[in-house]
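First comes the structure, then the notes that go with it.
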Amino acid sequence: MTENPPLLNGALDVERLILADVGAVAREAARRFVSLAREAVQARGRFGVALSGGSTPADLYRLLAQSPYHEQVPWQGVHVFWGDERCVPPDDPDSNYRLACDTLLGHVPIPVENVHRLVGESEPAAAARAYQLVLQDFYCGPQPRFDLVLLGLGRDGHTAALFPGSPALDAREQLVVPAQAEYDGRPACRLTLTLPAINAARCVLFLVTGSDKASVVADVLHHRRQLLPAQYVIPTAGEVTWLLDQAAAAELSTG
Ligand code: 6PG
């Protein structure tokens, strides 16, 4: 990794919203998802969103599959991608694709051709190259510009499958790369969007909840530690917002 990310007035200069609890975070995220989807479809005829994995976004996905959000999203214009995937088959319990299907995609009228799966079960380097072509084809050029990228945060400061010290963090030409990391007993072999692919987005939304994330949230946002991958998510021409519950924000200073 090169120099540290820009540090403005002593903290990462990003929007952060502290909400009461996990449910409030999911509702705010759903509200934003609906708003961004409607705006994108209205303005550009489609909404490209990269979903995150792990456990945190499940509440959001379930909410989007329910009324009133279900009726508010222009599903015919929604195109779903993944920010990262584990190198497992789509029906594997550890698959981020399966998580999204079980909680959201299997319950909404999104056209099957609008679901762009990261093929985790393929050879990783080939799968990464293939997904890069999917992205470039969809965005008709070398640089995808997602309308929304959803991200989580690991206790070690990783996001997507960009882990501390990983060579994936240095990727500048590739949009998708393989990655290896041990975390929480999850599959070590991953595929991930790179920082250039994420930072080209119009909007990035971190969803972080729970007291076990309080320390790393302050490490990231107050730069108590350096070289944490989530610190490098700074869209070049877009916005990044952190949606936190009070438990995850417990170590943030109010200043
Ligand atoms: C994954 C995710 C990963 C996740 C964090 C937080 O595939 O596991 O993309 O980046 O967002 O590890 O996971 P939790 O939401 O389960 O805490």
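Read the figures in this text as sums done on the coordinates, not as results from a lab. All of these numbers come straight from a predicted model, not from anything done at the bench. Please note: Cβ atoms are built from the backbone with ideal geometry, for glycine as well, and neighbour counts cover all protein chains shown.
Which parts of region 24-42 would a label at residue 107 reach, counting a residue when its backbone N lies under 19 Å from a point 7 Å out along Cα-to-Cβ? Output list for this probe position: 24-35.
Note on the chain: helix-only mean residue ellipticity at 222 nm, from DSSP H runs of 4+ residues weighted -39500 (n - 2.57) and normalised by residue number, equals -8000 deg cm²/dmol. FRET efficiency for the residue 226 to residue 188 pair, using the beta carbon distance and R₀ = 25 Å, is estimated at 0.55. Segment residue 67..residue 116, full-extension length gain: 15.2 nm, with 0.36 nm per residue of separation and the alpha-carbon distance subtracted. Fully extending the segment from residue 20 to residue 42, taken as 0.36 nm per residue of separation minus the present Cα-Cα distance, adds 4.7 nm. Remark on the chain: 101, 140, 203 stand apart, with no other cysteine beta carbon under 4.7 Å. For the peptides 110-116, 230-236, the ranking by packing is 230-236, 110-116, with the highest mean count of neighbouring Cβ atoms within 10 Å listed first. About the centre of its Cα atoms, the chain shows a dipole size close to 460 debye [charges on the beta carbon of Lys, Arg (+1) and Asp, Glu (-1) only; nearest 20 debye]. Membrane-span-like helices in the chain, defined here as complete DSSP H runs extending at least 27 Å along the helix axis by their C-alpha atoms with mean Kyte-Doolittle hydropathy no lower than -1.0, are 22-44; this is a sequence and geometry rule, not a statement about a membrane. Across the chain, C-alpha contacts under 8 Å between residues 6 or more apart give a mean separation that, scaled by the residue count, equals a relative contact order of 24 percent. Highest GNM mean-square fluctuation, the chain, Cα pairs closer than 10 Å: which of 240, 134, 216? Maximum among the listed residues: 134. Note on residue 58 and residue 215: the model spin-label points, each 7 Å out from Cα along the C-beta direction, lie 2.5 nm apart.
Modelled spin-label separation between residue 126 and residue 76, with each label point placed 7 Å from Cα along the Cα-to-Cβ direction: 3.7 nm. Quick check: from the Cα gyration tensor, does the chain come out rounded (a/c under 1.5), prolate or oblate? Note, shape of the chain comes out rounded.
Can you give the % of DSSP beta bridges in the chain that are antiparallel, to the nearest 5? DSSP beta bridges in the chain are roughly 35 percent antiparallel. Size descriptor for region 115-160, Kirkwood hydrodynamic radius: 12.4 Å (Cα pairs only, one decimal).
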